[in-house]
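Okay, structure first, notes after.
The values are calculated or read from the model by the stated rules, or taken from the named source; none is laboratory data. Keep in mind the model is a prediction, meaning the values are calculated, not measured. Here the Cβ positions follow ideal geometry from the backbone for every residue, glycine too, while neighbour counts run over all protein chains shown. Side chains included, ligands, DNA and RNA excluded: accessible areas come from the protein's heavy atoms. Shrake-Rupley method; radii C 1.70, N 1.55, O 1.52, S 1.80 Å.
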Amino acid sequence: MITFAGAALDRAAVERRRAEWLAERRADPRARALLMSERGIWLDGGHLLLAAPSEAAVFLGLADERPLFADDVSGAEPGQGRPAGLREAATELPPEEAALAAYAGSLLAWHRRHRFCANCGAPTEARDAGHERHCPACDAHHFPRTDPVVIVRVTDVEDRLLLGRQARWPAGRFSLLAGYVEPGETLEEAVRREVAEESGVELGRVSYIASQPWPFPSSLMLGFSALAVGGDPKPGDDELAEVRWFERDEVERAARGEGNLALAPPYSIARRLIDAWLAGA
Ligand SMILES: [Zn+2]
């Protein structure tokens, strides 16, 4: 299962637009809200800390008909539990709860950053149970954004893996090349451009593998594999300090926690793509 995905939730995208339906869900004694503040998602005893939803809570969906909301408690943090970053939550929570935390985290971060209209600057109001903001001054509708990022597992005919290290990362930490999709690009074009810019390596076939919501704050990682057909890897832009080929046995040792090479954490799609390559998938 992909970390940050797979919450067993009916988002009730049609029903949630009706104010009356939403008020009933909010008043349901079974209704619960996840709590987030600027310090993170609130946990208690290895699970999400839940409370009755406030009037301002955004609606996440129905879990076995139980209404689930998310509340921003930045101004009034709860008296129990503790806040955790989403990376920490990903390793501490059961997978379904980590997925809910990612969903709520992205949605609430969007509300915090879009209190004013990008078109005219007037204050905006939440609509559609928290899945839209509306500007009463110019009638603009604003929707939660998701930023697409391509991440690519590049191998060559000698069965080596291309990994890069960002300058700010600790020595030995390497990962797959990745970058934001730009306006006017297909995903495959973004993959080819990013790899060419960051390493100078030219790609042949590019294939989609899987995706992962990446709530830092609201990216969608789109995982690809690609075969290199030319170019010697060297850092081409300012993003990478090092980029080179790694032999399979070196990556295998790193996956076992041996040697100097440190791979991305297990909950990341980067690591899943690497592990799948090691497994021959
Ligand atoms: Zn406006």
**OP:** Please work out the ratio of the alpha-carbon Rg of segment 125-185 to 2.2 N^0.38 Å and round it to two decimals.
**Re:** 1.90
Original post:
With a ≥ b ≥ c the root eigenvalues of the C-alpha gyration tensor of segment 204-281, is it rounded (a/c under 1.5), prolate (a/b larger than b/c) or oblate?
Top reply: rounded
Original post:
Using a 1.4 angstrom probe and counting only protein chains, how large is the accessible area of THR124 in Å², to 10?
Top reply: 10
Original post:
With a sphere of radius 14 Å drawn around the Cβ of LEU35, what net charge do the other residues whose Cβ falls strictly inside it have (Lys, Arg +1; Asp, Glu -1)?
Top reply: -3
Original post:
Where a ≥ b ≥ c are the square roots of the eigenvalues of the C-alpha gyration tensor, would you call segment 1-81 rounded, which needs a/c under 1.5, or, failing that, prolate if a/b is larger than b/c, or oblate?
Top reply: oblate
**OP:** Filter the trypsin sites (Lys or Arg not before Pro) in segment 153-190 to those in DSSP coil with at most 14 other Cβ atoms within 10 Å of their Cβ, and list the result.
**Re:** ARG168
Subject >> Counted charge near SER199, where neighbours are those whose Cβ lies closer than 14 Å (Asp, Glu -1; Lys, Arg +1) >> reply: -3
**OP:** Give, as a single signed number, the net charge of other residues whose beta carbon lies under 11 Å from the beta carbon of THR186, with Lys and Arg counted +1 and Asp and Glu -1.
**Re:** -2
Subject >> Placed amide H near ASP156: partners under 5 Å, 5+ positions off or other chain >> reply: ALA228
Original post:
If we restrict to alpha carbons, what Rg and Dmax does the chain come to, in Å?
Top reply: 21.3, 62
Original post:
For segment 77-213, rounded, prolate or oblate, judged on the Cα gyration tensor with a ≥ b ≥ c (square roots of eigenvalues), a/c < 1.5 rounded, else prolate if a/b > b/c?
Top reply: oblate
Subject >> Most mobile listed residue (ALA57, ALA76, ALA190) in the chain, GNM with C-alpha springs under 10 Å >> reply: ALA76
Original post:
Per-residue accessible area for GLU239 at 1.4 Å probe radius, Å² rounded to 10?
Top reply: 80
Original post:
If one puts a single equal scatterer on every Cα of segment 141-275 and applies the Debye formula without solvent, what log₁₀ I(q)/I(0) results at q = 0.09, 0.13, 0.17, 0.21 Å⁻¹?
Top reply: -0.25, -0.52, -0.90, -1.38
Original post:
Percent of accessible area on segment 25-119 owned by carbon and sulfur, 1.4 Å probe?
Top reply: 47
**OP:** Enter the accessible area of SER54 (Å², nearest 10), with the probe set to 1.4 Å and all protein chains included.
**Re:** 50
Subject >> Accessible area per residue, Å², segment 140-240 with all protein chains present, probe 1.4 Å >> reply: 48
Subject >> Centroid-to-centroid separation of segment 1-19 and segment 70-107 [C-alpha atoms, Å] >> reply: 17
